[in-house]
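This report refers to the structure that appears directly beneath it.
Derivation of every value follows stated rules applied to the coordinates shown; laboratory data play no part. The model shown is predicted, which means the values in this text are computed figures rather than measured ones. Methodologically, a virtual Cβ is constructed for each residue, glycine included, from the backbone with ideal geometry; neighbour enumeration extends over all protein chains shown.
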Amino acid sequence: MNIKRNILLNPGPATTTDRVKMAQVVPDICPREKEFEELMNQMRKDLVTIVHGDQKKYTCVMFTGSGTLNMDVCLNSLLPKDKKILIVDNGAYSSRAVEICEYYGLAHIDLKFNFDERPDLCKIENTLKENPDIALVYTTHNETGTGIMNPIKEIGEIVHKYNGVFVVDTTSTYAMVPINMDRDNIDFCMASAQKGLMSMTGLSFVIGNREMIIKSKDYPKRSYYCNLYLQYEFFEKTGQMHFTPPVQTVYATAEAIKEYFQEGEIEKWNRHTRVFEAIHKGIEELGFKDVIKREWQTGLVVSIKYPDDPNWDFERVHDYCYERGFTIYPGKIASTDTFRLCSLGDIDVCDIEEFFKVFREALEKNNISIPVGYKK
Ligand SMILES: *Cc1c(COP(=O)(O)O)cnc(C)c1O
């Protein structure tokens, strides 16, 4: 089968290999069969291994759904009665966590920082000192909306000093940036199959401290489908997801995990890094400006300011590139008009070089001056 290869420069789903695409095509199977159970059991272990978690101390709980489901699960399931959540919030994804707290009516503090600044550790510590009822601290590793990297290890250290549970949204770093549960002071992290793992959509998973999950059995129940303990207990008892798993995505993900271990943690991160550098080189040659200080960028998302050119039209540039197999993506910053180019997926430097040929053409065809201009 010959499947057209598209280069996705959006922040997930990512470009996948043919091997992963084809792994979805399997004989029909009822997921309650032993064969499928074994596949999921191994997957849960592998997903813990990827973040160097001890299998006794940490476990993986999988769900059917997109990545936001993990955020929902962690926030609604891990908050004890009469306690509070602290959200360290410097971007769109942590703001989404705040919205989840609002929807469930969970007591929370939204500790806001500018989207282009790293969270202030002193402010975090003071907030914990002043609010001894904070039981859960939540933040985002790589704010996918801007590409800023948050200092999770340092935040986690403070959280643990005040006996809090630390939840990190690693959806856009997992299986890309090397992560180590103990070293990085993470109690819970999360991702979904279609981002760093370069698999398909529909499978999401939380990796976390087993004892803390067991303890959460007695916490207030705020959701049925999205309760962490309920799903954990079902997995432990039966080896199954409580409700229907995304069967074909599970097969694709098993293949993607094989590819992950074959490529290797460091090699894969090196590849994403060289793609990221190629993106920077390309935008610099065209005169574009990015919004986050270079040394604070995670290395996965480049957030680029719209140029001040009367002919600039993101949609038209996007459509030109899209028709030629390259997908670029709008930004996620309320105060600044931006677009994003990301280094996720099964792509390498040569794909980025091809992209910039097409992108330059798109600018020329739309009479946008090169190098692009900015008023200030
Ligand atoms: C992609 C992503 C999510 C999940 O988004 P979905 O649209 O639900 O898949 C959550 N957090 C971060 C940081 C992400 O990048």
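The table for this structure:
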quantity	calculated
For segment 93-224, projected area of the alpha-carbon convex hull averaged over all directions, nm²	8.5
At R0 = 56 Å, FRET efficiency that the Cβ-Cβ distance of Arg316 and Lys112 yields, to 0.05	0.95
Nearest 10 degrees, 0 to 90: helix 68-77 Cα axis against the chain principal axis	30
Where N is the number of residues in segment 165-313, Cα Rg divided by 2.2 N^0.38 Å	1.32
For segment 269-327, average projected area of the Cα convex hull in nm²	4.8
Hull volume in cubic angstrom per residue (convex hull over the Cα atoms of segment 93-153)	85
The chain: angle of helix 247-263 to the longest principal axis, Cα-based, in degrees nearest 10	70
Cα radius of gyration and Dmax for segment 1-58 (Å)	15.7, 44
Rg and Dmax of the chain, Cα atoms only, in Å	21.1, 63
Span per principal axis, largest first, for the Cα atoms of segment 265-366 (Å)	43, 30, 21
GNM top mover of Cys30, Cys74, Cys189 - the chain, alpha-carbon springs below 10 Å	Cys30
Cβ-placed point charges (K, R +1; D, E -1), dipole of the chain about Cα centre in debye, nearest 20	440
Spatial separation of Cα centroids for segment 1-73 and segment 162-202, in angstrom	14
Sequence-distant residues sharing a close amide H with Ile292 (under 5 Å, placed H)	Ser303
Segment 61-170 pair-distance distribution - Cα-Cα, 10 Å bins, rounded %	15, 51, 31, 3
On Cα atoms only, tilt of 34-50 relative to the major axis of the chain in degrees	70
20 °C / 1.002 mPa s Stokes-Einstein diffusion coefficient of segment 1-138, Kirkwood radius on C-alpha pairs, µm²/s	115
Ellipticity estimate at 222 nm from DSSP helix runs (n ≥ 4, -39,500 (n - 2.57)) divided over the chain, nearest 500	-12500 deg cm²/dmol
